[in-house]
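Undergrad: Mind looking over this structure? Questions follow.
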Amino acid sequence: MTFAEPDPSSPEEMPTAAEERSWLRSTAFWAVLGGISSLLTGLTTLGAVIVGIEQLRESRELSLQDAAYTSWNELNQASLANPELACPDTDAKLQKLLTTADPKSATGGTFQDRYTAYGNLVITTSEQVLQMAPNDPYWRFRIEERIRCNAPAIRFLQREGTYDRRYSCRLRHVIAEVLRQTPPACNTG
């Protein structure tokens with residue numbers, strides 16, 4: 001059987017008006033259905049993109065939280081293992097720490113080397129916690145306590161000139177508040 005265009009001169013091959021309307025309605029129905037299908041596909045794709053972006057944001061927040069908790073635990077372990085480093089809260093305690101021979105040093109150095117490493121851990125941990133929970137009063141209190149304990153060392157770094165390079169602007173604002181100093185002139189955002 002072959003298919004060919006209807007011959008307009010032959011009336012029996014011409015579709016009736018009812019057949020044409022039926023065909024047009026059927027075509028219109030499928031066109032509308034195709035449009036709705038395309039719209040649903042687009043909306044589903046948009047929904048998937050939004051869900052994916054939200055999952056990425058949540059994953060990033062969980063990673064920040066995990067890193068901050070891990071660092072905080074390391075800092076607490078270092079404080080327990082080295083109580084002499086944990087809270088030199090007066091200038092005299094800091095001077096003694098910086099000048100006393102360290103019995104754990106293989107080269108006969110002072111506690112300064114270990115305190116420098118401990119101080120870097122305090123800085124890094126504080127930065128991570130502030131990034132994880134910038135407005136959480138629980139964590140802010142703990143950071144402020146560490147700042148009070150290490151205030152003589154922070155003032156030493158300020159006099160030495162390396163303070164601005166060691167601390168982020170956000171942490172310098174917290175330090176200024178705790179030590180009752182002028183806030184730094186930088187953007188905390």
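The values are calculated or read from the model by the stated rules, or taken from the named source; none is laboratory data. Computed from a prediction, not measured in an experiment: that's the story for all the values here. Here the Cβ is made from the backbone with ideal geometry for all residues, glycine too, and neighbour counts use every protein chain on show. Heavy atoms of the whole protein, side chains included, go into the accessibility calculation; ligands, DNA and RNA do not. Shrake-Rupley method; radii C 1.70, N 1.55, O 1.52, S 1.80 Å.
Undergrad: All other residues with a Cβ under 15 Å from the Cβ of residue 72 taken together, and with Lys, Arg as +1 and Asp, Glu as -1, what is their net charge?
TA: Local net charge: -3.
Undergrad: For the range 35-189, give the magnitude of the charge dipole about the Cα centre (Cβ charges: +1 Lys/Arg, -1 Asp/Glu; no others), in debye to the nearest 20.
TA: Taking the Cα centre of the range 35-189 as origin, the dipole is about 400 debye.
Undergrad: So, taking all protein chains as they sit and a 1.4 Å probe, how much accessible area belongs to residue 30, in Å² rounded to tens?
TA: My reading of the accessible area for residue 30 is about 150 Å².
Undergrad: Please list, by residue number, every one of the trypsin sites (Lys or Arg not before Pro) in the range 81-189 that is coil in DSSP and has at most 16 other beta-carbon atoms within 10 Å.
TA: Answer in residue order: 104, 180.
Undergrad: Could you point to the residue in 149, 125, 72 farthest towards the positive end of the chain's charge dipole, with +1 and -1 charges on the Cβ of Lys/Arg and Asp/Glu respectively?
TA: Projecting each Cα onto the dipole axis, the largest value belongs to 149.
Undergrad: How large is the accessible surface per residue of the range 80-140, computed with a 1.4 Å probe and reported in Å² as a whole number?
TA: Accessible area per residue: 57 Å².
Undergrad: Using only DSSP helix segments of four residues or longer, with each worth -39500 (n - 2.57), what per-residue ellipticity at 222 nm results for the chain after dividing by its residue count and rounding to 500?
TA: -24000 deg cm²/dmol
Undergrad: Continuing with this model, one more query. May I ask for the net charge around residue 129, where only other residues with Cβ less than 13 Å from the Cβ of residue 129 are counted and Lys, Arg are +1 while Asp, Glu are -1?
TA: Here the charged neighbours net out to -2.
Undergrad: If you don't mind, another one. Please report how far the C-alpha centroid of the range 160-174 lies from that of the range 17-47, rounded to the nearest whole angstrom.
TA: 64 Å
Undergrad: Moving on. Quick one: net charge of residue 92's neighbours, Cβ under 15 Å, K/R +1, D/E -1?
TA: With Lys, Arg at +1 and Asp, Glu at -1, the neighbours total 0.
Undergrad: If you don't mind, another one. Take the Cβ-Cβ distance between residue 165 and residue 145 as r, set R0 to 25 Å, and report the resulting FRET efficiency rounded to the nearest 0.05.
TA: Efficiency at R0 = 25 Å is approximately 0.55.
Undergrad: Once a ≥ b ≥ c are taken as the square roots of the eigenvalues of the Cα gyration tensor of the range 135-188, is the result rounded (a/c under 1.5), prolate (a/b larger than b/c) or oblate (a/b not larger than b/c)?
TA: Because a/c hits 1.5 or more and a/b fails to exceed b/c, the range 135-188 counts as oblate.
Undergrad: For the chain, which whole percent of the accessible surface, found with a 1.4 angstrom probe, sits on carbon and sulfur atoms?
TA: It is 59 percent, rounded to a whole number.
Undergrad: How do 62, 56 rank by accessible surface area computed with a 1.4 Å probe, from largest to smallest?
TA: 56, 62
Undergrad: Continuing with this model, one more query. How big is the dipole moment of the range 146-189 about its Cα centre under a simple scheme where the beta carbon of each Lys and Arg is +1, that of each Asp and Glu is -1, and everything else is neutral? Debye, nearest 20, please.
TA: 120 debye
Undergrad: So who's got an amide H within less than 5 Å of the one on residue 110, skipping anything under 5 residues away but keeping other chains? H placed 1.01 Å off N, in plane.
TA: 102
Undergrad: Still on this structure: Match the structure shown to one of the listed values (i) 22.4; (ii) 16.9; (iii) 17.7 of Kirkwood radius over Cα pairs in Å, computed from it, and give that label.
TA: The listed entry that was calculated here is (i).
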